[in-house]
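Enquirer: Have a look at the structure that comes next, please.
The values are calculated or read from the model by the stated rules, or taken from the named source; none is laboratory data. Since this is a predicted model, take the numbers as computed values, not measurements. Cβ placement follows ideal geometry from the backbone for every residue including glycine, while neighbour counts extend to all protein chains displayed.
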Amino acid sequence: MSEPRKPAVGIVGGIGPESTIAYYRAIVSAFRDRGASAGYPRVIINSIDASEMLALMPQQRYDDLAGLLVREVEALARAGADFALIAANTPHIVFDEVRQRAPIPLISIVEATRDVAVAKRLRKLALLGTRFTMDATFYQDAFDGAGIEVVAPEQDERDYLHEKYMTDLFSGDIPQATRDGITAIVARMLGSVKVDGVIVGGTELFPLVEDFRRLGTTVLDTTEIHAQAAVERLVAF
C-alpha cells in the first residue's frame, strides 16, 4: 500500500523573482523548525511574468488582473497544490474576487499580517510597498475591524518608494543610498506620525527588514508572515 500523498502549497510567484526565492526558503525553514519528521514540504511554484501583471495596474484593469491570477491558481491546482498563496502584496487589491473564483483555498497576506498585528497589540502602523499598495485601501479595510490604523507615507515619499521598488528592489541589487532613503522614511514616520510599527507591505522589501528593526520598531515582514501561515496550513493537514 502506498503512503498518503503529502499536502502541497502552491505559490503564484515571479512577482518578483527575488521575493519568490525568499518565500521558498522561508517555507522550507519554518517547516523544518516545526520538527517535521517527514522531510521537507511539497512546494509547487508557478513563476509568472511580473511585467504582464504590472502593466494592468496603472489603468486599473482589475477584472483582467483577477482573471490572470485565477488562471495561474488554476494551473497550480492542476499541478497538485492543495492550497495556494500569491507571493506579493499588490495583487491583493483583487484578492477577494480571486479567492471566490479559485478552485483551491488561498491564504491572504493581508489577513495573515493583520492577525499578527492583533497578537502584538499594535494600533498604528506605517505601510510601505508599491504605489498601488500604498494608494489602495485593502490593508486599511482589513485592519479596520481590529481597530488598527494603517498610514501610508507622504506623497513624495510614496513616489520615491515606488520608483526605487520598480528599479533597485526588483533587480535585487539594492544600493546603500536606496536602503538609507527608504529607512529614513520609516524613521520620519516613527517620529512625526508616531506609528508603533511598520508593515513591510512589499515582498521585494524583505532585504531591508533588519534595517528597519535597527530603528527600534516592530516590523511586520509580510513575506515571513505569509510563509509562516502557509506552513501552519501544511502541518494542519
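Enquirer: Could you please give the count of residues in the range 31-62 that are over 20 Å from residue 134 (Cβ atoms) and touching a residue at least 12 places away in the same chain (Cβ under 8 Å)?
Expert: Within the range 31-62, the first condition is being over 20 Å from residue 134 (Cβ atoms), and the residues that meet it are 31-49, 51-52.
Within this subset, residues satisfying the condition of being touching a residue at least 12 places away in the same chain (Cβ under 8 Å) are 31, 34, 36, 38, 40-49, 52.
Final tally of qualifying residues: 15.
Enquirer: Among the residues of the range 68-85, are any at positive phi and at pLDDT below 95? Steps first, answer last, please.
Expert: From the range 68-85, those at positive phi are 80; that's our starting set.
Cutting the leftovers down to at pLDDT below 95 gives us none.
No; the residues of the range 68-85 include none that is at positive phi and at pLDDT below 95.
Enquirer: Separate question: It is to be established whether one or more residues within the range 216-234 are in contact with an Asp or Glu (Cβ under 6 Å, 6 or more places away or on another chain) and within 22 Å of residue 23 (Cβ to Cβ).
Expert: Applying the first criterion (in contact with an Asp or Glu (Cβ under 6 Å, 6 or more places away or on another chain)) to the range 216-234 yields none.
No, there is no match, as no residue in the range 216-234 is in contact with an Asp or Glu (Cβ under 6 Å, 6 or more places away or on another chain) and within 22 Å of residue 23 (Cβ to Cβ).
Enquirer: State yes or no: is residue 225 surrounded by 19 or more Cβ atoms within 10 Å (Cβ to Cβ), touching a Leu at 6+ places or on another chain (Cβ under 7 Å) and in contact (Cβ under 8 Å) with a residue 24 or more places away in the chain?
Expert: Judged against the criteria, residue 225 is not a match.
Enquirer: Return the residues of the range 208-217 that are surrounded by 17 or more Cβ atoms within 10 Å (Cβ to Cβ) and either farther than 16 Å from residue 161 by Cβ or at pLDDT below 90 (or both); say none if nothing qualifies.
Expert: 217
Enquirer: While we're looking at this one, here's another question. Would you pick out the residues in the range 67-84 that are within 17 Å of the chain's Cα centre (by Cα) and among the small types (Gly, Ala, Ser)?
Expert: Scanning the range 67-84 gives a single hit, 84.
Enquirer: Output the residue which, of all residues in the range 136-173 that are surrounded by fewer than 20 Cβ atoms within 10 Å (Cβ to Cβ) and among the β-branched types (Val, Ile, Thr), is nearest to residue 117 (Cα to Cα).
Expert: Filtering the range 136-173 for residues that are surrounded by fewer than 20 Cβ atoms within 10 Å (Cβ to Cβ) and among the β-branched types (Val, Ile, Thr), the one nearest to residue 117 (Cα to Cα) comes out as 151.
Enquirer: Of the numbered conditions (1) in a loop (DSSP other than H, G, I, E, B); (2) free of Cβ contacts under 8 Å to residues at least 12 places away in the same chain; (3) over 18 Å from residue 225 (Cα atoms), residue 180 fails exactly one; give the number of that condition.
Expert: Of the numbered conditions (1) in a loop (DSSP other than H, G, I, E, B); (2) free of Cβ contacts under 8 Å to residues at least 12 places away in the same chain; (3) over 18 Å from residue 225 (Cα atoms), the odd one out for residue 180 is (1).
Enquirer: Here is a list: 26, 81, 87, 77. Which entry is among the small types (Gly, Ala, Ser), in contact with an Asp or Glu (Cβ under 9 Å, 6 or more places away or on another chain) and either in contact (Cβ under 8 Å) with a residue 12 or more places away in the chain or surrounded by fewer than 21 Cβ atoms within 10 Å (Cβ to Cβ) (or both)?
Expert: Numbers: 81 fails: in contact with an Asp or Glu (Cβ under 9 Å, 6 or more places away or on another chain); 87 fails: in contact with an Asp or Glu (Cβ under 9 Å, 6 or more places away or on another chain); 77 fails: in contact with an Asp or Glu (Cβ under 9 Å, 6 or more places away or on another chain).
Of 26, 81, 87, 77, the one residue that is among the small types (Gly, Ala, Ser), in contact with an Asp or Glu (Cβ under 9 Å, 6 or more places away or on another chain) and either in contact (Cβ under 8 Å) with a residue 12 or more places away in the chain or surrounded by fewer than 21 Cβ atoms within 10 Å (Cβ to Cβ) (or both) is 26.
Enquirer: With the requirement that a residue be more than 16 Å from residue 203 (Cα to Cα) and assigned to a loop (DSSP other than H, G, I, E, B), what does the range 115-144 give you?
Expert: Scanning the range 115-144 gives 120, 121, 122, 123, 136, 137.
Enquirer: I've got another one for you. Just wondering, is there one or more residues in the range 164-174 that are modelled with pLDDT of 95 or more and out of contact with any Asp or Glu (no Cβ under 9 Å at 6 or more places or on another chain)?
Expert: No.
Enquirer: Okay, next question. Which one of these is surrounded by fewer than 23 Cβ atoms within 10 Å (Cβ to Cβ) and touching a helix residue (DSSP H, G or I) at 6+ places or on another chain (Cβ under 7 Å): 51, 47?
Expert: Values: 51 fails: touching a helix residue (DSSP H, G or I) at 6+ places or on another chain (Cβ under 7 Å).
None of the others qualify; the one that does is 47.
Enquirer: Here's another thing I want to ask about it. Which residue is modelled with the lowest pLDDT, if the candidates are limited to the range 1-42 and must be of a type in the set (Gly, Ala, Ser), assigned to a helix (DSSP H, G or I) and farther than 18 Å from residue 81 by Cβ? Break it down stepwise before answering.
Expert: Residues of the range 1-42 of a type in the set (Gly, Ala, Ser): 2, 8, 10, 13-14, 16, 19, 22, 26, 29-30, 35-39.
Now drop any that are not assigned to a helix (DSSP H, G or I), which leaves 19, 22, 26, 29-30.
Okay, now just the ones that are also farther than 18 Å from residue 81 by Cβ, so 19, 22, 29.
Numbers: 19: 87, 22: 91, 29: 92.
Here the answer is 19.
Enquirer: Please pick out the residue among 215, 205 that is more than 18 Å from residue 109 (Cα to Cα), touching a residue at least 24 places away in the same chain (Cβ under 8 Å) and in contact with a Leu (Cβ under 9 Å, 6 or more places away or on another chain). If you could, list the steps in order and put the result at the bottom.
Expert: On the way: 205 fails: more than 18 Å from residue 109 (Cα to Cα).
Going through 215, 205 in turn, the sole match is 215.
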